[in-house]
Amino acid sequence: MEDLAESKRKLPGIPTRRKGGFEQPWDYLQMCTWVLFPLILVHYFAFLYFLLWDSLAAKVVLTVLFIIFAMSTLAFAATTCSVDPADEMLCKEVQPIYNDPIYCYLCETDVHPTSKHCRYCDKCVVKFDHHCKWLNTCIGEKNYFYFLMIVLSVFLLTTESLALSIALMVESFADTDSFMDRIRHDNRFHHFLGSPISDNAVQSLLVVSVFFFLGFVAMLIQLGGFHIMLLYRGMTTYDFIIYEQKRQRDLEAQRMQEEFQRQQQQQKDQQQVPDNDDIEEAPVETVEDAGAGGEIVGVSSIELTPARM
């Protein structure tokens, strides 16, 4: 049976079981992460750092904080991608005994009741939360904490860049001459670029930085708030999606039931009110008698009578 299962995974088009985010196949969002993170570092050390105030303490403190946030992000990302969140039934030769296990027909073994099979990694994950395409790995009970620490570290990293970009942008527009004099006084910025940079170019780069990091921080706040809500409810992302799908189906079923009842009531009301077609005009009856002198006396009557069914 094990040889059969292994042979199925080797067929073309069927992915092999992945252990973590450093294994192929790569995801395009994972590659975006590999590009975005270095860009954030380059943005600080090649741009913002040279615009900081002359105070050495300010530069040292801000730069040390930035390095701490960056190193934390790298460390937690590496740990999250390295940890294999697969079910213990797939990882150990001596398999544990679960209470009320469920059977996975893809893994062909009993797994933990909270395990779900990830089609991207081809394995069951204990307390499956979601498959993170930015890290290209499953998030479950074993690496969920490290995932949350990534979100927190990236939030602090980008928030510092956003705060510095806003402060420097406001200063550049409020007191342009003093701001540019400070930059020109620091020849390292010009030596780094190889040529002088204009006022408008610096201001434009700061405006772009603010909008870029503003969107980044907003997405991280939404993501962090969402997982705080999940922790408060004791749910996973997968549980929340299933719950919302069921809620939407229930609302749709309730709407259809109300619409059906409304149509039935309309039909009932129409049956109670007689229709105009049910009323017909009786024929005109004429009584003619010959009177004296040969005159014709006629009496006509029109009567509306209900139609006989």
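Observations on the structure shown:
- Each of Ser198, Ser153 was scored by other Cβ atoms within 10 Å of its Cβ. Listed from fewest to most, they are Ser198, Ser153.
- Interchain or long-range residues, amide H under 5 Å from Thr114's placed H: Lys127
- Working ranking of peptides 70-78, 120-128, 156-164 by packing, defined as the average number of other Cβ atoms within 10 Å per residue, highest first, is 120-128, 156-164, 70-78.
We did not get these values from a lab; they are worked out from the coordinates using the rules stated. Note that this is a predicted model, so its numbers are computed, not measured. All Cβ positions, even for glycine, are placed from backbone atoms using ideal geometry, and neighbour counts span all protein chains on display.
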